[in-house]
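A.B. asks: One structure, as structure tokens, below. Some questions next.
The values are calculated or read from the model by the stated rules, or taken from the named source; none is laboratory data. Only a predicted model underlies this, so the values are computations on that prediction, with no experimental measurement involved. Note that we place each Cβ from the backbone using ideal geometry, even for glycine, and neighbour counts take in every protein chain shown.
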């Protein structure tokens, strides 16, 4: 490698925090983040061990420096101790600095002077420490800052016991220490006075710097004592540490003063993504001083072509999992450019930027690594501006620019702009000649700019960047490699576009035709100029039913590059001779299988979908097909039947009703492309009324278009909805028996069927014009033990109101019939009921999370299996589950799901019950019921909710006991509130808890979460109090805040929860007794023996003064015991005395105290007053 010699020496004064000619030994260059010195606690100590092999010869150490990861401000009350040791590892024992061999070398504050990441925090010693050059060195850091600050310093990972720490938030720790995480030794510099020049410092590129310019220079600082220097530089670390001649790039270069010296390396670029090592050796003519070996990694330089970036990952990852700072590409932060797995041009990922968190007028760039770009290159990439593909776009609210720089990203030239004025239908390809921009310092970037943030700017997507040689022949590029056509009925067709691009900028691409297989056609031919594109239409018109696979080959004149073949496939579908569609087996929001719809995908108020109807909207409940238009009067709104045959015999019958008072037309016609509204041909015009009615349409026998369609006429800008029901395509002269019923509930072979309430059986009309149904039910495959051929008329549901057994399989069938007979092949379905939901183990918690969501047969309300609801008044509102979401993150009290009920009815108040599982409760036991509830703030007027909670013997409102456990008709709390109560069943059996919402019309939401039932654990304590003559009546017992009085048998009872309780027993004429009783799920008999009390004068005792201010005296004869009890029954004094004794009462509160003296087996008492 060729290197230039010394370029510059900036002769400026350098300010050091140490005396002149200071050198240092640096140990460690790792990039771990360590909190040693340990400041993660209010008080801490940490000790570290450095090896003599790293420290080198004997020296007078004047200070140390730590490499900053993050540190600011002042860290007060710090100490550093040092000692030499022959130990090669540390134990975790606490070292008492007063008695150990540690020497205090620092006592003060660590003060930041604005060091940034990677710079060094210098710490001067009180006095130099003389190191012998033989032993290892232990540093002992003491932190008494008083608050935890989490400063971090760079460290190098180690194994073994070289670092120990201990911390405490309350006081300085004297406990044993442990290895921290990560186990890393702080990078450190030991400064010492040097006979030679100071150690070279301030390297640039800095230590472990990444993405360094491939044309970087080397700079460093020398002090005034240096007269010359050598520089070693190599991508082989051992060549630098060994100072081999091949790594010497500056040899004995002169240094004339303190300052910054710079070395320019080579005229060519450094290698891409390569780690280089370098070291500076300063000399004063006699002595030398070597810097640490510094390392840096160069930037990525792309020199190999063709270059491809598809954002799929691999060896060239753009969007690194840890953020922009780990990528060779540049973007500001993760809130602008990122990768995305949807809306790709192809593959699994693309680059994109969303305007949601961006500022108006700011340019957000995605910049490539550096290119060493030869001549004769071109770039191709794909970009798209919108929400989806195809996506909406408002003109002139945002723009994206493709730009190039040849001067290292200093100045930029725009080569292409993406700013569509209408919705893009697909990705757009850009082809640009880069021949004029060759060089070794080239960058490319894509810049997104929000012009008008208030007008809903859209996402921009970028994919499949390719830089390659400009060839001497045309290159075909097709925007797709395959086409898959949706199902098409025989006699119909579908058409798809293929965009053809000539990726060569200089040569024309001549296409003479397109060869396709059976069922597909394409009549494209023409010449596409360099860098231009054109569109071909491939048509699928199936000749037979089933899947057809083929290829489309674009025939090209002359030689060419690229792939000219795409694979194509499509499925033909047989025509249906009859259709009976009642919409009841189609989920709401969708359309029946085999149907198609056309509506504006950008307008949420312009749609075709099945919905649940209300009375007057349907002919047969519950579902209808709804064509709804609010504010769109140009885009077609169509519902399209499957392809049919029989136009020479069949007629179309259907029911329709309109919502608007103004006239609204419904066109009925035919089409041959169900995806293209322009193929629609009107056959008849229907004018629905506001009352549902049946209509009939006949079609020309010569019609060749297989699809029948309904088209909303959207007359005169009328906002309206047309509902269609019971669509039948039939030959009126060939009616047979009806089709068998289908789409049943309970579903065949389903399990865990809810039988907490009456079981609803439901089925659908599958056509054939049935006039009625018969239902059977049984416990065997005969399906007739419980019901047999019960006539249902023409309704399609039946409620079974008798009890079914848990965990039992039942069999049932429905037979459709009309005047021509019963349906053939009516199935027998089976289902298994739920497991017994009885709760007999407590505590029991229902938090409404982590359960299989139970749906009613209509799919409306969700609650745990085993619970049940009673839905009164409005069928649209009842108890239902509610999950947290980004807009309402606190719907649940715990976890993410709660129950709730909402009421938007204008007329009906709520009258809805939510019942728990059956709970097995035992007579004589107590149970605690608790739950959390709240309401939510309504965006407008304040609302008031109403709820009561009852319990009863069945899961019906009629079975609930009259007295509520909870009642609140003014619930306004916006935060969850807890309620708990105790219930005690009078008989053993099954019970239910019922939550009854009864809010007024047009209120808001009640939330319910974490319903819990717990058995109150404990027992009954019976006190049996005896005096000298037997049971003692009228004794008072104080326990846990309660006062009991014994009866004639000397007994008193109280129920207590599990625990340990202190008690006090008092009675006139008897001494106070204090005791302790333990309750642990069993009844307890506590026997208390009372002792008679006599007046102290009877024993010759004297007590004075009384009242007492400070002290009083008891005089007597011989040994006795004195106990003093306060008015709460607490003993405050107990002592053994002889003859005359003095007692101090000055530190007791004022009041009356009982003095009891035990003397010669008897108890004597009196009262004193403490003032």
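A.B. asks: Given (1) assigned to a strand (DSSP E or B); (2) surrounded by fewer than 18 Cβ atoms within 10 Å (Cβ to Cβ), where does residue 942 come up short, assuming only one miss?
C.D. replies: (1)
A.B. asks: Counting only residues that are more than 16 Å from residue 156 (Cβ to Cβ) and more than 36 Å from the chain's Cα centre (by Cα), which one in segment 18-42 is surrounded by the most Cβ atoms within 10 Å (Cβ to Cβ)?
C.D. replies: If we take residues in segment 18-42 being more than 16 Å from residue 156 (Cβ to Cβ) and more than 36 Å from the chain's Cα centre (by Cα), then 24 is surrounded by the most Cβ atoms within 10 Å (Cβ to Cβ).
A.B. asks: Does segment 636-664 hold any residues that are closer than 25 Å to residue 605 by Cα, surrounded by fewer than 17 Cβ atoms within 10 Å (Cβ to Cβ) and more than 44 Å from the chain's Cα centre (by Cα), and which are they?
C.D. replies: Answer for segment 636-664, where residues must be closer than 25 Å to residue 605 by Cα, surrounded by fewer than 17 Cβ atoms within 10 Å (Cβ to Cβ) and more than 44 Å from the chain's Cα centre (by Cα): 660, 661, 662, 663.
A.B. asks: Here's something else I'd like to know. Do we find a residue being at pLDDT below 85 and in a strand (DSSP E or B) anywhere in segment 1094-1108?
C.D. replies: Checked segment 1094-1108: at least one residue is at pLDDT below 85 and in a strand (DSSP E or B).
A.B. asks: Further question on the same structure: Would you be able to tell me the number of residues in segment 285-302 that are within 26 Å of residue 206 (Cβ to Cβ) and in a loop (DSSP other than H, G, I, E, B)?
C.D. replies: Step one: list which residues in segment 285-302 are within 26 Å of residue 206 (Cβ to Cβ), which gives 288-302.
Checking the rest, the ones that are also in a loop (DSSP other than H, G, I, E, B) come to 291-293, 299-300.
The qualifying residues number 5.
A.B. asks: Given the structure, is residue 503 under 30 Å from residue 303 (Cα atoms), touching a strand residue (DSSP E or B) at 6+ places or on another chain (Cβ under 6 Å) and surrounded by 21 or more Cβ atoms within 10 Å (Cβ to Cβ)? Before the answer, list the steps.
C.D. replies: On the way: under 30 Å from residue 303 (Cα atoms): yes; touching a strand residue (DSSP E or B) at 6+ places or on another chain (Cβ under 6 Å): yes; surrounded by 21 or more Cβ atoms within 10 Å (Cβ to Cβ): yes.
Spelling it out, residue 503 is indeed under 30 Å from residue 303 (Cα atoms), touching a strand residue (DSSP E or B) at 6+ places or on another chain (Cβ under 6 Å) and surrounded by 21 or more Cβ atoms within 10 Å (Cβ to Cβ).
A.B. asks: Inspect segment 1039-1047 for any residue being touching a strand residue (DSSP E or B) at 6+ places or on another chain (Cβ under 7 Å), touching a residue at least 24 places away in the same chain (Cβ under 8 Å), outside the structural domain of residue 1125 (by TED's automatic domain parsing) and farther than 21 Å from residue 867 by Cα and give the result as yes or no. Explain how you work it out, then say what you get.
C.D. replies: Residues of segment 1039-1047 touching a strand residue (DSSP E or B) at 6+ places or on another chain (Cβ under 7 Å): 1039-1040, 1042-1046.
Adding the requirement that they be touching a residue at least 24 places away in the same chain (Cβ under 8 Å) leaves 1039.
Remaining after also requiring outside the structural domain of residue 1125 (by TED's automatic domain parsing): 1039.
Add one more test, that the residue is farther than 21 Å from residue 867 by Cα, and what stays is 1039.
So far as segment 1039-1047 goes, yes, one or more of its residues are touching a strand residue (DSSP E or B) at 6+ places or on another chain (Cβ under 7 Å), touching a residue at least 24 places away in the same chain (Cβ under 8 Å), outside the structural domain of residue 1125 (by TED's automatic domain parsing) and farther than 21 Å from residue 867 by Cα.
A.B. asks: Looking at residue 871 and the list (1) surrounded by 22 or more Cβ atoms within 10 Å (Cβ to Cβ); (2) closer than 21 Å to residue 762 by Cβ, which single condition is not satisfied?
C.D. replies: Condition (1) is where residue 871 drops out.
A.B. asks: Can you tell me which of 282, 351 is surrounded by 20 or more Cβ atoms within 10 Å (Cβ to Cβ), assigned by TED's automatic domain parsing to the domain that holds residue 233 and not in a loop (DSSP other than H, G, I, E, B)?
C.D. replies: Details: 351 fails: assigned by TED's automatic domain parsing to the domain that holds residue 233.
So the residue among 282, 351 that is surrounded by 20 or more Cβ atoms within 10 Å (Cβ to Cβ), assigned by TED's automatic domain parsing to the domain that holds residue 233 and not in a loop (DSSP other than H, G, I, E, B) is 282.
A.B. asks: Could you tell me whether segment 702-719 includes any residue that is over 20 Å from residue 653 (Cβ atoms), in contact (Cβ under 8 Å) with a residue 24 or more places away in the chain, assigned to a helix (DSSP H, G or I) and touching a strand residue (DSSP E or B) at 6+ places or on another chain (Cβ under 6 Å)?
C.D. replies: No - not one qualifying residue is present in segment 702-719.
A.B. asks: Further, regarding this structure: Just to be sure, is residue 698 more than 27 Å from residue 577 (Cβ to Cβ), touching a strand residue (DSSP E or B) at 6+ places or on another chain (Cβ under 6 Å) and exposed (fewer than 15 other Cβ atoms within 10 Å of the Cβ)? Don't jump to the end; show me each part of the working.
C.D. replies: Numbers: more than 27 Å from residue 577 (Cβ to Cβ): no; touching a strand residue (DSSP E or B) at 6+ places or on another chain (Cβ under 6 Å): yes; exposed (fewer than 15 other Cβ atoms within 10 Å of the Cβ): yes.
Judged against the criteria, residue 698 is not a match.
A.B. asks: List the strands (runs of 3 or more DSSP E) that sit entirely inside segment 488-588 and contain at least 3 residues that are closer than 30 Å to residue 740 by Cα. Break it down into steps so the answer makes sense when it comes.
C.D. replies: On the way: elements: 494-502, 509-516, 526-528, 533-540, 546-556, 565-573, 579-581.
Hits in segment 488-588: 565-573, 579-581.
A.B. asks: Answer yes if at least one residue in segment 91-114 is on the phi > 0 side of the Ramachandran plot, without any contact (Cβ under 8 Å) to a residue 60 or more places away in the chain and in a loop (DSSP other than H, G, I, E, B), and no otherwise.
C.D. replies: Yes, there is a match, as at least one residue in segment 91-114 is on the phi > 0 side of the Ramachandran plot, without any contact (Cβ under 8 Å) to a residue 60 or more places away in the chain and in a loop (DSSP other than H, G, I, E, B).
A.B. asks: Taking the condition of being loosely packed, with under 14 Cβ neighbours inside 10 Å and assigned to a loop (DSSP other than H, G, I, E, B), how many residues in segment 115-133 meet it?
C.D. replies: Looking only at that region, the number is 4.
A.B. asks: Among the residues of segment 270-305, write down those that are farther than 18 Å from residue 236 by Cβ, in contact (Cβ under 8 Å) with a residue 24 or more places away in the chain and within 46 Å of the chain's Cα centre (by Cα).
C.D. replies: 299, 300, 301, 302, 303, 305
A.B. asks: Looking at this structure, is residue 401 touching a residue at least 60 places away in the same chain (Cβ under 8 Å) and either out of contact with any strand residue (DSSP E or B) (no Cβ under 7 Å at 6 or more places or on another chain) or surrounded by 15 or more Cβ atoms within 10 Å (Cβ to Cβ) (or both)? Don't jump to the end; show me each part of the working.
C.D. replies: Details: touching a residue at least 60 places away in the same chain (Cβ under 8 Å): no; either out of contact with any strand residue (DSSP E or B) (no Cβ under 7 Å at 6 or more places or on another chain) or surrounded by 15 or more Cβ atoms within 10 Å (Cβ to Cβ) (or both): yes.
Judged against the criteria, residue 401 is not a match.
A.B. asks: Looking at segment 732-773 only, could you name the residues that are surrounded by fewer than 17 Cβ atoms within 10 Å (Cβ to Cβ), under 23 Å from residue 579 (Cα atoms) and modelled with pLDDT of 90 or more? Show your work before the answer.
C.D. replies: We begin by selecting, within segment 732-773, every residue surrounded by fewer than 17 Cβ atoms within 10 Å (Cβ to Cβ); these are 732-736, 742-743, 747-752, 757-758, 760, 771-772.
Going one step further and asking which of them are under 23 Å from residue 579 (Cα atoms), we end up with 732-736, 742-743, 771-772.
Selection gives 771, 772.
A.B. asks: Within 45 Å of the chain's Cα centre (by Cα), in a strand (DSSP E or B) and modelled with pLDDT under 95 - does that describe any residue in segment 806-822?
C.D. replies: no
Yes or no, residue by residue, for (1) surrounded by fewer than 16 Cβ atoms within 10 Å (Cβ to Cβ); (2) at pLDDT below 95; (3) outside any strand (DSSP E or B):
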residue	(1), (2), (3)
985	no, yes, yes
991	no, no, no
1002	yes, yes, yes
1023	no, yes, no
1026	yes, yes, no
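A.B. asks: Then there's this: Could you tell me whether residue 488 is touching a strand residue (DSSP E or B) at 6+ places or on another chain (Cβ under 9 Å), outside the structural domain of residue 395 (by TED's automatic domain parsing), surrounded by 20 or more Cβ atoms within 10 Å (Cβ to Cβ) and in contact (Cβ under 8 Å) with a residue 60 or more places away in the chain? Walk me through how you get there before you give the answer.
C.D. replies: Values: touching a strand residue (DSSP E or B) at 6+ places or on another chain (Cβ under 9 Å): yes; outside the structural domain of residue 395 (by TED's automatic domain parsing): yes; surrounded by 20 or more Cβ atoms within 10 Å (Cβ to Cβ): yes; in contact (Cβ under 8 Å) with a residue 60 or more places away in the chain: yes.
Taking the combined requirement at face value, the residue satisfies it.
A.B. asks: Could I ask something else about it? Kindly indicate the residue of segment 1048-1068 that is over 30 Å from residue 927 (Cβ atoms) and touching a residue at least 40 places away in the same chain (Cβ under 8 Å) and also nearest to the chain's Cα centre (by Cα) among those meeting that condition. Before you say what the answer is, go through the steps one by one.
C.D. replies: Applying the first criterion (over 30 Å from residue 927 (Cβ atoms)) to segment 1048-1068 yields 1048-1050, 1064-1068.
Remaining after also requiring touching a residue at least 40 places away in the same chain (Cβ under 8 Å): 1064-1067.
Numbers: 1064: 56, 1065: 59, 1066: 62, 1067: 66 Å.
Selected residue: 1064.
So that you can scan it fast, the table gives a plain yes or no per residue for (1) in contact with a helix residue (DSSP H, G or I) (Cβ under 7 Å, 6 or more places away or on another chain); (2) surrounded by fewer than 20 Cβ atoms within 10 Å (Cβ to Cβ); (3) outside the structural domain of residue 514 (by TED's automatic domain parsing):
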site	(1), (2), (3)
527	no, yes, no
556	no, yes, no
559	no, yes, no
583	no, no, yes
589	no, yes, yes
595	no, no, yes
598	yes, no, yes
619	no, yes, yes
631	no, yes, yes
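A.B. asks: Would you confirm, using the coordinates I've provided, whether residue 1043 is within 30 Å of residue 881 (Cβ to Cβ), within 60 Å of the chain's Cα centre (by Cα) and at pLDDT 90 or above? Walk me through how you get there before you give the answer.
C.D. replies: Values: within 30 Å of residue 881 (Cβ to Cβ): no; within 60 Å of the chain's Cα centre (by Cα): yes; at pLDDT 90 or above: yes.
Considered against the rule, which asks whether it is within 30 Å of residue 881 (Cβ to Cβ), within 60 Å of the chain's Cα centre (by Cα) and at pLDDT 90 or above, residue 1043 comes out as no.
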